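Reading through the structure tokens given below for one structure.
The values are calculated or read from the model by the stated rules, or taken from the named source; none is laboratory data. A quick note: this is a predicted structure, and the numbers were derived from the prediction, not measured. Note that we place each Cβ from the backbone using ideal geometry, even for glycine, and neighbour counts take in every protein chain shown.
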Amino acid sequence: VDMASSSEILKKIMKKTKVGFICSAPFDVDWEDENFIGVSDADNYLAGVYSAQAAVDILGGKGKIGMIGWENGHSGNFHTCWQRYQGWADVLAENPDIETVEKWYDAPANSKQVISGLLASNPDIDLLLIDFANPPADEAQALLKEQGYTAWEDIAMVTIDTDATIAIPMAKDGPDNNYVAA
């Protein structure tokens, strides 16, 4: 996952056996190496584009978005997330009436503190655009409830990835009583 710290080790392994990677490839990998099978991943750039466009659409093209993501993705060390954030940046650059503030967690388990700090310093955020369902989006949802935000009136959320922590409340509570939009 952390290519900055694991690239050299992975390239040494690749000298001895065939290797396929999920989500990221080692820095400076030899794409022609006979032991390099490839990288398997979703189109994360498009996931970023679609999620950012959903956020823009929800806000009607104007408002303030708080973007929350993983530092390793933001710095480019995790290609999957970096691609998502490029999608966010490209869509939001085309929407000058959307103001953005961003915070990056160093570990998904620390996301609640990061989101809390972002909301405390930016109480006028209309929507949270969050990478990863669990724990970041799940933590955000719990935090919004704890702080008494009214879903869709005070704030909404768009997240990349869904899992049971996000999907079950969406189905159970319905769209008007749940913060998550996509």
Residue in region 69-77 that is among the acidic types (Asp, Glu), under 19 Å from GLU139 (Cα atoms) and either over 14 Å from the mean Cα position of the chain (by Cα) or crowded, with 16+ Cβ neighbours inside 10 Å (or both) present
yes
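Table: residues versus (1) more than 21 Å from LEU143 (Cα to Cα); (2) part of a helix (DSSP H, G or I); (3) out of contact with any Cys (no Cβ under 9 Å at 6 or more places or on another chain).
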| position | (1), (2), (3) |
| --- | --- |
| ASP33 | yes, no, yes |
| ALA47 | yes, yes, yes |
| TYR50 | yes, yes, yes |
| ASP57 | yes, yes, yes |
| ASP90 | yes, yes, yes |
| SER116 | no, yes, yes |
Take the residues in region 78-102 that are acidic (Asp, Glu) and over 15 Å from the mean Cα position of the chain (by Cα); name whichever of them is surrounded by the most Cβ atoms within 10 Å (Cβ to Cβ).
GLU99
Please count how many residues of region 1-17 are among the hydroxyl-bearing types (Ser, Thr, Tyr), at pLDDT 85 or above and outside any loop (DSSP other than H, G, I, E, B).
0
Leading residue by the ranking (surrounded by the fewest Cβ atoms within 10 Å (Cβ to Cβ)) among those in region 118-162 that are under 10 Å from the mean Cα position of the chain (by Cα) and not in a helix (DSSP H, G or I):
ASP161
Enumeration of residues in region 5-30 that are under 17 Å from GLN83 (Cβ atoms) and out of contact with any Ser or Thr (no Cβ under 7 Å at 6 or more places or on another chain)
PHE21, ALA25, VAL29
I'd like the residue in region 103-112 that is in contact (Cβ under 8 Å) with a residue 12 or more places away in the chain and in a helix (DSSP H, G or I) and, out of all such residues, is surrounded by the most Cβ atoms within 10 Å (Cβ to Cβ).
SER111
Any idea which of GLY20, GLY38, GLY66, GLY61 is among the small types (Gly, Ala, Ser), touching a residue at least 24 places away in the same chain (Cβ under 8 Å), outside any helix (DSSP H, G or I) and over 24 Å from ASP138 (Cα atoms)?
GLY61
